[in-house]
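Presented below is the structure to which this report refers.
The values are calculated or read from the model by the stated rules, or taken from the named source; none is laboratory data. Note that the structure is predicted; figures quoted are calculated from it, not measured. With ideal geometry, Cβ positions are generated from the backbone for all residues, glycine too; neighbour counts draw on all protein chains shown.
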Amino acid sequence: MVEIRIHGRGGQGNVLAAYLLATAAFFEEKFSQAFPSFGAERRGAPITAFVRIDSTPILRRSQVTSPRYLILADDGLLRVPETLSGLSPEGAILVNSPHAPEDLRKHLEEEGVSVGPHVRIATIPATRLALEALGRPIPNAPLLSAFLSLTGTLSTESLGRAFAERFSGDLLAKNLALVSSGASLVAANLWKEPIHA
C-alpha cells in the first residue's frame, strides 16, 4: 500500500489534490482513500490531506501517520515539526519550492531542521507554474504530476482524467498543461515502487 500525506495551506487546493489522486487510482482499477484534516478553516491555515492507494481493498481508516511520501505545497511547512512526523527513514518528499533539493536541504540543516540522511527530496516551482498558467497560486496540478512521474504509482494520463471529472473548458486545458509541465520537471520513475496487482 502506498501512503501519502499532503501538507499545505488553505486555498492551495490540497484537499482537492488528495481527491484527484484517489480518483486517478480508481481509473486504474486500484483501491484508494482520500480525506482531509482541518485545523482552523481559513485561507492560509495549515491543511493536511491523506491518500492511500493499493491493489487490494483498504481496511485501514485512520489518518496516515507513517507515510512513505510527503507532498508539500508550501516549503515553509518543513519548519513545522508535525510535517515530518512519522515519515519513513527511506521516504521521499516532493516540495513546492524554487530552490534546488540540495540547497533546500542545506538551508534546513542550517536552521536545525533534519529530514534524515536517507530521505529523498525533489523540488519544483509549482506556485510559479500555477501563477503563469492560472493566474492563481494553486500548485496542485504540477505537484501531483511530478509526484506521479517520480514514483510511477499511477499514470499522468489517469490524473488528467481525474481533472476532467472536475473541470471543463479553458480551466481544464490550463490544468492539463500544468500536469504536463510538472511531470517534465523531474526524473521519471526516480522513486518508483510499483503496486503489485
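In table form, for the structure just shown:
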item	result
Whichever residue in the range 96-124 is outside any helix (DSSP H, G or I) and charged (D, E, K, R) and, among such residues, is surrounded by the fewest Cβ atoms within 10 Å (Cβ to Cβ)	Glu111
Members of the range 157-186 that are over 17 Å from Leu70 (Cα atoms) and either touching a residue at least 60 places away in the same chain (Cβ under 8 Å) or surrounded by 21 or more Cβ atoms within 10 Å (Cβ to Cβ) (or both)	Ser158, Leu159, Arg161, Ala162, Phe163, Glu165, Arg166, Asn175, Leu178, Val179, Leu185
Out of Ile47, Ile53, Ile71, Ile93, sole residue that is surrounded by 21 or more Cβ atoms within 10 Å (Cβ to Cβ), at pLDDT below 95 and of a type in the set (A, V, I, L, M)	Ile47
Test: Leu134 is in contact with a helix residue (DSSP H, G or I) (Cβ under 8 Å, 6 or more places away or on another chain), surrounded by 15 or more Cβ atoms within 10 Å (Cβ to Cβ), without any contact (Cβ under 8 Å) to a residue 60 or more places away in the chain and among the hydrophobic types (A, V, I, L, M, F, W, C)	yes
Verdict on Pro36 being outside any loop (DSSP other than H, G, I, E, B) and closer than 26 Å to Leu131 by Cβ	yes
Matching entry among Leu70, Leu87, Leu77 (being part of a helix (DSSP H, G or I) and among the hydrophobic types (A, V, I, L, M, F, W, C))	Leu77
Selection from the range 1-14 of residues that are out of contact with any Gly (no Cβ under 7 Å at 6 or more places or on another chain) and either assigned to a strand (DSSP E or B) or at pLDDT 95 or above (or both)	Val2, Glu3, Ile4, Arg5, Ile6, His7, Gly8
His7, sole failed condition from (1) farther than 16 Å from Val115 by Cα; (2) within 11 Å of the chain's Cα centre (by Cα)	(1)
Odd one out for Ser145, checked against (1) closer than 30 Å to Ser55 by Cβ; (2) outside any helix (DSSP H, G or I)	(2)
The range 54-82 residues that are under 15 Å from Gln33 (Cα atoms) and polar (S, T, N, Q), paired with ones that are in a helix (DSSP H, G or I) and modelled with pLDDT of 95 or more (beta carbon under 6 Å, 6 or more apart)	none
